[in-house]
Each structure stands twice: as C-alpha cells, then as structure tokens.
Amino acid sequence: AIFTKATFKKFALFVKTNFRRQALFWYARFEGHAFFNEATFPSHVNFTEASFKVVTFEKAIFKNGAIFSRTIFFEVANFEKTNFSGNIFFNDATFKGITKFILIGEQNNLDFTYSKFNSGVFVIIEIRKGEINFKNALLENISLNFKIERDVLVNFERAILKNAQLKRKDIEFNVMQERKNKFSEAKEIYLLLKNNFHSIGRYEDESWAFKKEKDMDRLSHSYPFYMEELKSKEKKEKLPFLKWIKKGDFKKWITSAFSNMIYGYGEKPWNVIKTAVAIILIFAFSFSFIG
C-alpha cells in the first residue's frame, strides 16, 4: 500500500486493515482523525515526515518494526495495547500533544533520538521489555510517566531534561549506562537526573541521584573497571594493579569509598555517628582487653 504525499481531510479509517505488503505513508497528511485500530503491518512500515492531528494505533500489530522519523503528532498519539516487534524509530519526531505508549510486545525498542516533546505534553510509556532511547531528545517541561519493568533500559544521553515531571521510582533500576557498566557515562546521566529532580522540587529523589552520581564516579575508578577497559581495548599490561595505582585511580577510588562509608557523601550523616560509636567501642574493648 502506497500513500506517499496523500492528504486525508477529515477521517482516515484503516481499522482492522491488513497491509499485506509494505505500507508507505511518506509525507502523508492526516488533517482529522486517523484510526489504525487493530490494523496489521506484516512488512515494512514507513511514516517518514507524515503529520497527524489525532491518531490511534490501538491494538495494531507491527511485525517488522516501523519508521516515524521526522513525523509530527499535533494533538494525540495513541499506541495503547500496540504490539511492536523490532525497532520503532521516532527519530527527530515532534510530539505536541498527549502521547501514550502502552505496548504489549515481547521486545519493544523505542528510539526517540533528537525527538522533541513540546512543553506541557503528557507522556505515558508502559512496556515490559526492550529499550527506550532519548538520546539528544528535548524533554523540557513535560510530564513523563513510566510504567516499565526492570528489564527495560532507558537512555538519557545528552537529552535536555529540565522541569520534567519524573519520579525516581519509575527509573531507578533502568539507567542503561549503569546496567551496561559504563560508569563514567552513567555518572553524567545521574547528574542530569539530579538537576531535573532539583528543578521540580523532588529533593529526596535529588539526594538519591546525587548519591548514585558519586557511586558511578567511584566505580569508574575501581580496579575491576580498569581491567574491563583494558580488556575492551585489547591491551595487555604487566603488573596492571601497580599501573592502576600509579595512574591515580586508586587514590580517587579509596577517597571516594572512604567518603561513602563514613557519611554517604553527605547524604547519610548518621553514618558519622555510627562510625564514631564503632571506633569508641573498638578502642574501649581493646584497652579493657589489654588492661
């Protein structure tokens, strides 16, 4: 089915349509309501540079991925109970209204690289497995609601994340860089989250993100991470432990580890009291034993 540069004035009804071959909607204009409910796309699907006023893909089935690059969604984009297989590209797409992704596929990879979500937009993303890529996306002054399982990885690399309504509990196990042991990059992501939580007044979440930022910094200087870097670069060194110490990573790691243990980088002041009490008890028992 080829609808390149087609214009649909009021309604576009593709309910339960089976697009047996490729479905091409390049530059198509949907000026009213577009319904793709329960439609089936068994092959290539391409909506590059299309525009929608209101569109719903509720219970639609995409068997081979889909491309929505540079597509504009003006009012409502509804992907509720949609079954995606493969990669779904929304590169450089623009979302100006309510956006809902409640996906039921076994593996959903949503790519929002360079996408723009207009200020005030309400976004819901609910998936069980896969990846969500917000690399270089504009996520400022929006409501970002995640209902995702722990297996889902989220990438905020170089995203503009400010005043976005987002909660720690929605993403605390899902930062892609940490899950892939890319601790230097993960540090930057938690810095981004920390600043966003501060901007919306979620200070407990900000405290958590600050602690995670420091944890990632400590791990990025650890000996296991140093060895992993050597392995990834296919380098072999004699006495790598000594080189790790000489490089300065040991000093940074031990200093950070000590700060974490004593007072949790300032986020756990009670640790200072606990440590002091422990030291006093140790010395007290030592002196009583020595006599």
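The values are calculated or read from the model by the stated rules, or taken from the named source; none is laboratory data. In this text the structure is predicted, and so the values were computed from the model without any measurement. When we count neighbours, we look across all protein chains shown, and the Cβ atoms used for this are built from the backbone with ideal geometry, even at glycine.
A few remarks follow.
- Residue within the range 204-213 that is in contact with a helix residue (DSSP H, G or I) (Cβ under 7 Å, 6 or more places away or on another chain), farther than 23 Å from ASN141 by Cβ and surrounded by fewer than 19 Cβ atoms within 10 Å (Cβ to Cβ) present: yes
- Residues that are charged (D, E, K, R) and touching a residue at least 24 places away in the same chain (Cβ under 8 Å) were ranked within the range 42-68; the one that is nearest to ASN18 (Cα to Cα) is LYS59.
- Remark: LEU144 falls outside the filter, which requires a residue to be over 21 Å from GLU58 (Cβ atoms) and either surrounded by 22 or more Cβ atoms within 10 Å (Cβ to Cβ) or modelled with pLDDT of 95 or more (or both).
- Flag for ALA34 being hydrophobic (A, V, I, L, M, F, W, C), within 24 Å of ILE148 (Cβ to Cβ) and in contact (Cβ under 8 Å) with a residue 24 or more places away in the chain: no
- Checking the range 67-80 against the condition returns no match, with no residue being within 29 Å of the chain's Cα centre (by Cα), part of a strand (DSSP E or B), assigned by the TED database to the domain that holds MET176 and among the hydroxyl-bearing types (Ser, Thr, Tyr).
- Residue check, PHE73 aromatic (Phe, Trp, Tyr) and closer than 21 Å to ILE127 by Cα: yes
- Selection from the range 130-181 of residues that are more than 17 Å from MET216 (Cα to Cα), among the polar types (S, T, N, Q) and more than 10 Å from the chain's Cα centre (by Cα): ASN136, ASN141, SER143, ASN145, ASN163, GLN165
- Filter result for LYS53 (of a type in the set (D, E, K, R) and closer than 17 Å to VAL121 by Cβ): yes
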